[in-house]
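S.K.: Handing you a structure now.
The values are calculated or read from the model by the stated rules, or taken from the named source; none is laboratory data. Just so you know, these numbers come straight off a predicted model, no measurement behind them. Ligands, DNA and RNA are excluded from the accessible area calculation, which covers all protein heavy atoms including side chains. Shrake-Rupley method; radii C 1.70, N 1.55, O 1.52, S 1.80 Å.
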Amino acid sequence: MIHNVKVHKTESKRLTDVHIAAAWESGSREYWYILSTEPTTLQTFWEYGLRFDIEENFLDDKSNGFDLESSRLRSAPAISRLCFVIALTTLFLTAQGLAVADSGYRRLVDPHWFRGLSYLKIGWNWIHTAITKNWAFLPFYSFTSYLDSHPAIASRRKHLQKLFRIEFYASTLDYAS
């Protein structure tokens with residue numbers, strides 16, 4: 001990590017007092033380079049990783065869900081109204097997905113051992129299944145915390161490997177200080 005540097009291509013496009021960090025997972029060929037206005041630490045990479053969560057939302061809005069682009073709308077007010085309806089539907093489906101997970105019914109619509117789908121997709125699958133099998137919709141859910149009680153995990157093996165690497169790295173830092 002390099003702190004308080006100046007980065008510029010030309011004098012008019014200069015960034016001053018920025019911080020640069022580079023990291024990679026062991027065994028991976030993918031490097032992360034972060035340029036930040038805040039001092040960088042190991043925590044910076046964890047926070048940066050959170051940005052990938054929004055990518056799932058874009059996927060839900062586009063090809064994996066609502067297929068927004070196929071609407072072919074060109075009128076700004078019409079697109080705005082459609083986005084409002086999608087936002088309300090996202091809220092409803094996400095609330096259903098959280099209610100399904102908290103009620104212990106998630107495995108009926110998400111076959112993964114750990115939660116593998118977004119709460120929106122769990123809610124979407126629940127509503128679809130409820131309509132086709134005459135199940136009840138679950139009562140409305142209250143969003144009470146920003147903490148995720150059922151975090152999504154791609155695979156158990158990769159999750160455990162990642163936890164081990166983070167814990168090992170953190171213990172190495174503790175030992176060095």
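S.K.: Sort out for me the Cα centre separation of segment 3-51 from segment 73-119, rounded to whole Å.
M.R.: A separation of 33 Å, based on Cα centres.
S.K.: Show me, for segment 129-144, the HN-Hα J-couplings you get by feeding each phi into the Karplus relation (A = 6.51, B = -1.76, C = 1.60, θ = phi - 60°), rounded to Hz, glycine and proline as x.
M.R.: Running phi through 6.51 cos²θ - 1.76 cosθ + 1.60 with θ = phi - 60° gives 5, 4, 5, 6, 10, 6, 7, 7, 6, 7, x, 4, 10, 9, 7, 9 Hz.
S.K.: A further question follows. Using a 1.4 Å probe, what is the accessible area per residue for segment 46-149, in Å²? Intermediate results must be reported in sequence, preceding the final value.
M.R.: On the way: 7170 Å² over 104 residues.
Here the residues of segment 46-149 average 69 Å² of exposed surface.
S.K.: Could you run the Karplus curve 6.51 cos²θ - 1.76 cosθ + 1.60 with θ = phi - 60° over segment 43-48 and give me ³J(HN,Hα) per residue in whole Hz, x for Gly and Pro?
M.R.: Those phi angles translate into 4, 4, 5, 5, 5, 4 Hz.
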